[in-house]
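The values are calculated or read from the model by the stated rules, or taken from the named source; none is laboratory data. Not measured: the values here are computed from a predicted model. Reconstructed Cβ throughout: ideal geometry from the backbone, glycine too, with neighbour counts over all protein chains shown.
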Amino acid sequence: MDPMFLPEVENANPGGAYARVIDGLRAAGQPVPQIMRLFAYKPDRTEYLSRFTQGVMRGPSPLPPGFRELIAAFTSRRNDCLF
């Protein structure tokens, strides 16, 4: 995964709800998605955005969560963003 060029964010000790996930990915030698690094950098400022995203992707909807994930992945790919 390409660096964000934000060493302070990339090298920070993760906090909040994403800390365990990031630690687990690092321990397994897996890349850490950059959005997780941003959410874990200042969790007090990203908590609401994270809850909103989970509500949109997992909350009540006529579309099942898997289909919503597929739409998000397709959109990301069209924007040349690895998802």
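If the condition is being outside any helix (DSSP H, G or I) and either over 22 Å from Asp2 (Cβ atoms) or of a type in the set (Lys, Arg) (or both), then the range 33-83 contributes Lys42, Gly59, Pro60, Ser61, Pro62, Leu63, Pro64. Residues that are more than 21 Å from Phe5 (Cα to Cα) and either surrounded by 11 or more Cβ atoms within 10 Å (Cβ to Cβ) or in contact with an Asp or Glu (Cβ under 8 Å, 6 or more places away or on another chain) (or both) occur in the range 21-32; there is at least one. Of all the residues in the range 1-30, those that are of a type in the set (A, V, I, L, M), assigned to a loop (DSSP other than H, G, I, E, B) and closer than 16 Å to Arg45 by Cα number 1. Could you list, in sequence order, the residues of the range 1-31 that are modelled with pLDDT of 90 or more and among the hydrophobic types (A, V, I, L, M, F, W, C)? Those that are modelled with pLDDT of 90 or more and among the hydrophobic types (A, V, I, L, M, F, W, C): Ala19, Val21, Ile22, Leu25, Ala27, Ala28. Being out of contact with any helix residue (DSSP H, G or I) (no Cβ under 6 Å at 6 or more places or on another chain), closer than 21 Å to Thr75 by Cα and free of Cβ contacts under 8 Å to residues at least 60 places away in the same chain holds for only one residue in Arg51, Arg58, Arg45, Arg20, and it is Arg51. Remark: Tyr41 matches the filter, which requires a residue to be out of contact with any Lys or Arg (no Cβ under 7 Å at 6 or more places or on another chain) and surrounded by 11 or more Cβ atoms within 10 Å (Cβ to Cβ).
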